[in-house]
1. Give me the extension gain from E142 to I58: residue separation times 0.36 nm, minus the current Cα-Cα distance, reported in nm with one decimal.
2. So how do 10-18, 104-112, 34-42, 136-144 stack up, highest first, on mean other-Cβ count within 10 Å?
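Nothing in this text is a laboratory measurement; each read-out follows from the coordinates by a stated rule. Note that the structure is a prediction, hence the values are computed from the model and not measured. So basically every Cβ, Gly included, is an ideal-geometry build from the backbone, and we count neighbours across all protein chains shown.
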Amino acid sequence: MLTIFYLSAVVAVVSTMMVITRKEAVHALLYLIVSLLAISIIFFALGAPFIAALEVIIYAGAIMVLFIFVVMMLNLGRESIQQERQLLKPRMWFGPVILTLILIVEFIILFSKIRGQNYHALSISPKVVGVSLFSTYLLGVELSAMLLMAGIVGAYYLGKGKKRIMHRYLANTGSDSKAKGETK
């Protein structure tokens, strides 16, 4: 188990470094998914199968959906499709495929070791998770809430369209003309 832990940690660090150093968003996303899968195997090796499943479902799944929405929102057209086809040549898949194969082998080894043993995962109710989040881990929850609020404000600011410029005859009507003391 210790070997699998360290091997998964190395895969996670290498793939995370590849996420940081890639210039193309698609390539960085592939390495990010491999990194999240490696972290999931680390959690599973440490005896936390629930967190490992959440890691795959929430993070890897949410990242993929978010990326699809970004691509759909950008709607780059035919030129970007041709450029993306050139960037997704088989040599670009070599790194993520090798790292993913290492993770698959580790996962098979983990399951083969568990099969011979009595492995019982603890059943934790949602109430226990909620109590621990708002007592033991309150600072982390509050920091996450502030980070999410900053993201929402940033998304609002970026999504806010430019104000329409009013015609010069309409600009001086209403409250502006009363504030300036103009009379008809």
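1. Values: separation 84, 0.36 × 84 = 30.24 nm, distance 1.96 nm.
Full extension of this stretch gives 28.3 nm more.
2. Numbers: 10-18: 17.7, 104-112: 13.8, 34-42: 23.6, 136-144: 11.0.
The most tightly packed comes first, giving 34-42, 10-18, 104-112, 136-144.
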